[in-house]
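Trainee: One structure, pasted below without further comment.
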Amino acid sequence: MSEGAKSLKVAVLGCGAVGSQVVRLLTEQADDLTARVGAPVELVGVAVRRLDAPRDVEVPEGLLTTDATGLVSRDDVDLVVEVIGGIEPARSLILAALENGASVVTANKALLAEDGPTLFEAAAKAERDLYYEAAVAGAIPILRPLRESLAGDKVTRVLGIVNGTTNFILDKMDSSGAGFSEALEEAQQLGYAEADPTADVEGFDAAAKAAILASLAFHSRVTASDVYREGISEVTAADVASARDMGSVVKLLAICELRPGPHGDQVAARVHPAMIPRSHPLASVREAYNAVFVESEAAGQLMFYGPGAGGAPTASAVLGDLVTVARNRLAGTRGAGESAYADRAVQPMGETRTRYHVAIDVDDRAGVLAAVANAFADHDVSIQTVRQEGRGADAQLVVVSHAASDAALSATVDQLRNMDIVREVTSVMRVEGGDE
């Protein structure tokens, strides 16, 4: 670093759980950041909604402002960190920052999954960086490996636990036998779940992250609305117990993969609870941790694991991006932008090949098993295993299928529900891992 190097000026939008930790790290690690970047990194403003709101860290005097638009429009701001979240005003502020010549680091998964192309196009037009490692899986470095380390390889599948709240709930259900509501209440008491947990437990958060992962991995534009989504609120203690009997565990998975289509590979992206064998690496991911399993043609299988949320872990990813963007700024260059050259179509969920675990309450009489098997055969769905539990009024069949189109499996379940010998289809859950 040359003596008297011009400082790079940073504006932070938001000072909540993540923003406050970004401010702390920028302040406490100022000397180290200067050495790593090659010039001083100076925090010049922190935009907040309310000046008098309680905060986890002390913001240096004179830096707080409620005028976010004015802050990102300052001529001297080189780098903007957006950790407000949500769609607006975050989108308008990021676009204003780029238009004004600032590079941007964001953790905003919802915005990237809904309107990423608009942001990438604005960054390209401004010839500025838009980095977003913190948008998926907290501190875990997963986006940069997909964008850079594996850029010379063909990624075929990304399978992950990318929501800590749901993983905590399902882990508690598995380890203690608790029901969903009981496990959710514990998650809320411990601060792992929001008072309104809808975004997490219904899969919206994971679907946004799946869209970002699929876009990067398969070089195609994938939005949250392209991702099939199913949450965990309908998962019962009986489902978890049944998985345990099979040597499996229930996880909310984000699954992004290349699947053959009529005109080449298509992108299949889905989020739903699934049973996976306890021998699978993702099965051992406990509590609120995240993990992402990547499969590629040359590198083979890779797994990334760590804390997927929280102020400090997420701020770590933000600061990593900030250092890279700052270095690019000093060098007069920019990193890789959006890569959507493949422009692959998104495969409808009905065409995606999956496996089902189906629990069926049936009449305990001759011919029931054959009738159930015929229902599967009617839709060209092959049965992998079947077992009967209980007798009389408690008779139940548990069927695990081989892989088939999701539409065929869904039609099979509909047919089962309309059969006289079936009292109730008590559980339907997809199965991942193991042989198809």
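The values are calculated or read from the model by the stated rules, or taken from the named source; none is laboratory data. None of these values were measured; they are calculated from a predicted model. Methodologically, a virtual Cβ is constructed for each residue, glycine included, from the backbone with ideal geometry; neighbour enumeration extends over all protein chains shown.
Trainee: Of (1) surrounded by 16 or more Cβ atoms within 10 Å (Cβ to Cβ); (2) farther than 19 Å from Pro277 by Cβ, Arg157 satisfies all except one. Which?
Mentor: (2)
Trainee: Do the conditions hold for Val400, that is, is it more than 26 Å from Val222 (Cα to Cα), in contact (Cβ under 8 Å) with a residue 60 or more places away in the chain and not acidic (Asp, Glu)? If you could, list the steps in order and put the result at the bottom.
Mentor: Numbers: more than 26 Å from Val222 (Cα to Cα): yes; in contact (Cβ under 8 Å) with a residue 60 or more places away in the chain: yes; not acidic (Asp, Glu): yes.
So Val400 passes the test.
Trainee: Test Ala336 against the criterion of being under 25 Å from Ala151 (Cα atoms), at pLDDT below 95 and outside the structural domain of Ser220 (by TED's automatic domain parsing), and give yes or no. Reasoning before the result, please.
Mentor: Values: under 25 Å from Ala151 (Cα atoms): yes; at pLDDT below 95: yes; outside the structural domain of Ser220 (by TED's automatic domain parsing): yes.
Considered against the rule, which asks whether it is under 25 Å from Ala151 (Cα atoms), at pLDDT below 95 and outside the structural domain of Ser220 (by TED's automatic domain parsing), Ala336 comes out as yes.
Trainee: Counting residues that are farther than 30 Å from Ala208 by Cα and not aliphatic (A, V, I, L, M), which helices (runs of 4 or more DSSP H) fully inside the stretch 1-103 reach at least 3?
Mentor: 30-37
Trainee: Only one of (1) touching a residue at least 40 places away in the same chain (Cβ under 8 Å); (2) out of contact with any Gly (no Cβ under 6 Å at 6 or more places or on another chain); (3) within 13 Å of Tyr356 (Cα to Cα) fails for Ala375. Which number is that?
Mentor: Just one mismatch for Ala375, condition (3).
Trainee: Related question: Is one or more of the residues making up the stretch 405-412 surrounded by fewer than 17 Cβ atoms within 10 Å (Cβ to Cβ) and in contact with a strand residue (DSSP E or B) (Cβ under 8 Å, 6 or more places away or on another chain)?
Mentor: Within the stretch 405-412, not a single residue is surrounded by fewer than 17 Cβ atoms within 10 Å (Cβ to Cβ) and in contact with a strand residue (DSSP E or B) (Cβ under 8 Å, 6 or more places away or on another chain).
Trainee: Taking helices (runs of 4 or more DSSP H) that do not extend beyond the stretch 105-202, which have at least 3 residues that are of a type in the set (A, V, I, L, M) and out of contact with any Cys (no Cβ under 9 Å at 6 or more places or on another chain)?
Mentor: Working: elements: 109-126, 164-176, 180-189, 198-201.
Here the list reads 109-126, 164-176, 180-189.
Trainee: Within the stretch 64-89, count every residue that is touching a strand residue (DSSP E or B) at 6+ places or on another chain (Cβ under 8 Å) and surrounded by fewer than 22 Cβ atoms within 10 Å (Cβ to Cβ).
Mentor: Going residue by residue through the stretch 64-89, those that are touching a strand residue (DSSP E or B) at 6+ places or on another chain (Cβ under 8 Å) are 64-68, 71-72, 74, 76-84.
Add one more test, that the residue is surrounded by fewer than 22 Cβ atoms within 10 Å (Cβ to Cβ), and what stays is 64-67, 74, 76-77.
Looking only at that region, the number is 7.
Trainee: Which number in (1) buried (at least 23 other Cβ atoms within 10 Å of the Cβ); (2) farther than 15 Å from Val162 by Cβ; (3) in contact with a Leu (Cβ under 9 Å, 6 or more places away or on another chain) marks the one condition that Val294 misses?
Mentor: (2)
Trainee: Can you tell me which residue within the stretch 102-118, out of those that are hydrophobic (A, V, I, L, M, F, W, C) and buried (at least 24 other Cβ atoms within 10 Å of the Cβ), is farthest from Leu71 (Cα to Cα)? Can you show your working first?
Mentor: The initial filter retains those residues of the stretch 102-118 that are hydrophobic (A, V, I, L, M, F, W, C), namely 102, 104-105, 107, 110-113.
Within this subset, residues satisfying the condition of being buried (at least 24 other Cβ atoms within 10 Å of the Cβ) are 102, 104-105, 107, 111-113.
Working: Ala102: 11, Val104: 13, Val105: 15, Ala107: 19, Leu111: 20, Leu112: 22, Ala113: 25 Å.
Here the residue is Ala113.
Trainee: Among the residues of the stretch 402-436, which ones are among the hydroxyl-bearing types (Ser, Thr, Tyr) and more than 22 Å from Ala254 (Cβ to Cβ)? Give the steps one after another, and end with the answer.
Mentor: Narrowing the stretch 402-436 to residues among the hydroxyl-bearing types (Ser, Thr, Tyr): 405, 410, 412, 426-427.
The answer is Thr412, Thr426.
Trainee: Listed residues Thr27, Thr69; which is touching a helix residue (DSSP H, G or I) at 6+ places or on another chain (Cβ under 7 Å) and hydroxyl-bearing (Ser, Thr, Tyr)? Give the steps one after another, and end with the answer.
Mentor: Details: Thr27 fails: touching a helix residue (DSSP H, G or I) at 6+ places or on another chain (Cβ under 7 Å).
After applying the criteria, what remains is Thr69.
Trainee: Quick one: is Asp56 among the charged types (D, E, K, R), assigned by TED's automatic domain parsing to the domain that holds Val325, at pLDDT 95 or above and over 23 Å from the mean Cα position of the chain (by Cα)? Don't jump to the end; show me each part of the working.
Mentor: Details: among the charged types (D, E, K, R): yes; assigned by TED's automatic domain parsing to the domain that holds Val325: yes; at pLDDT 95 or above: no; over 23 Å from the mean Cα position of the chain (by Cα): yes.
Considered against the rule, which asks whether it is among the charged types (D, E, K, R), assigned by TED's automatic domain parsing to the domain that holds Val325, at pLDDT 95 or above and over 23 Å from the mean Cα position of the chain (by Cα), Asp56 comes out as no.
Trainee: Just give me the residues in the stretch 221-251 being outside any loop (DSSP other than H, G, I, E, B) and closer than 14 Å to Ala207 by Cα, in sequence order. It would help to see each step written out before you state the result.
Mentor: If we filter the stretch 221-251 for residues that are outside any loop (DSSP other than H, G, I, E, B), which is where we start, we get 224-226, 228-229, 237-245, 248-251.
Within the stretch 221-251, Ala224, Ser225, Asp226, Tyr228, Arg229 meet the criteria.
Trainee: Let me ask something else. Within the stretch 302-349, track down each residue that is closer than 17 Å to Asp32 by Cβ and touching a Lys or Arg at 6+ places or on another chain (Cβ under 7 Å).
Mentor: Val323
Trainee: Hey, among the residues in the stretch 297-322 that are in contact (Cβ under 8 Å) with a residue 40 or more places away in the chain and within 30 Å of Tyr356 (Cβ to Cβ), which one's surrounded by the most Cβ atoms within 10 Å (Cβ to Cβ)? Steps first, answer last, please.
Mentor: At the first step, the residues of the stretch 297-322 found to be in contact (Cβ under 8 Å) with a residue 40 or more places away in the chain are 297-299, 302, 304-322.
Checking the rest, the ones that are also within 30 Å of Tyr356 (Cβ to Cβ) come to 297, 302, 304-305, 308.
On the way: Glu297: 9, Leu302: 16, Phe304: 16, Tyr305: 17, Gly308: 27.
Among them, the one singled out is Gly308.
Trainee: Within the stretch 181-232, count every residue that is under 23 Å from Asp153 (Cα atoms), crowded, with 24+ Cβ neighbours inside 10 Å and among the charged types (D, E, K, R).
Mentor: 1
Trainee: Out of everything in the stretch 48-63 that is within 18 Å of Glu28 (Cβ to Cβ) and out of contact with any helix residue (DSSP H, G or I) (no Cβ under 7 Å at 6 or more places or on another chain), what residue ends up being surrounded by the most Cβ atoms within 10 Å (Cβ to Cβ)?
Mentor: Quick first cut of the stretch 48-63, residues within 18 Å of Glu28 (Cβ to Cβ) only: 55-61, 63.
Right, trim to out of contact with any helix residue (DSSP H, G or I) (no Cβ under 7 Å at 6 or more places or on another chain) and you get 58, 61, 63.
Values: Glu58: 10, Glu61: 6, Leu63: 18.
Checked the stretch 48-63; the qualifying residue surrounded by the most Cβ atoms within 10 Å (Cβ to Cβ) is Leu63.
Trainee: Continuing with this model, one more query. In the stretch 383-392, is there at least one residue being out of contact with any Lys or Arg (no Cβ under 9 Å at 6 or more places or on another chain), part of a loop (DSSP other than H, G, I, E, B) and either without any contact (Cβ under 8 Å) to a residue 60 or more places away in the chain or not β-branched (Val, Ile, Thr) (or both)? Don't jump to the end; show me each part of the working.
Mentor: The initial filter retains those residues of the stretch 383-392 that are out of contact with any Lys or Arg (no Cβ under 9 Å at 6 or more places or on another chain), namely 383, 385-392.
Within this subset, residues satisfying the condition of being part of a loop (DSSP other than H, G, I, E, B) are 390-391.
Right, trim to either without any contact (Cβ under 8 Å) to a residue 60 or more places away in the chain or not β-branched (Val, Ile, Thr) (or both) and you get 390-391.
Yes: the stretch 383-392 contains one or more residues that are out of contact with any Lys or Arg (no Cβ under 9 Å at 6 or more places or on another chain), part of a loop (DSSP other than H, G, I, E, B) and either without any contact (Cβ under 8 Å) to a residue 60 or more places away in the chain or not β-branched (Val, Ile, Thr) (or both).
Trainee: So if I check each of Val44, Val83, which one is within 30 Å of the chain's Cα centre (by Cα) and closer than 27 Å to Leu119 by Cβ? Outline the logic, then answer.
Mentor: Numbers: Val44 fails: within 30 Å of the chain's Cα centre (by Cα).
Result of the check over Val44, Val83: Val83.
Trainee: Let me ask something additional. Being assigned by TED's automatic domain parsing to the domain that holds Ala269, charged (D, E, K, R) and in contact with a Ser or Thr (Cβ under 7 Å, 6 or more places away or on another chain) narrows it down to one of Glu182, Glu202, Glu194, so name that one.
Mentor: Values: Glu182 fails: in contact with a Ser or Thr (Cβ under 7 Å, 6 or more places away or on another chain); Glu194 fails: in contact with a Ser or Thr (Cβ under 7 Å, 6 or more places away or on another chain).
When all the criteria are applied, what remains is Glu202.
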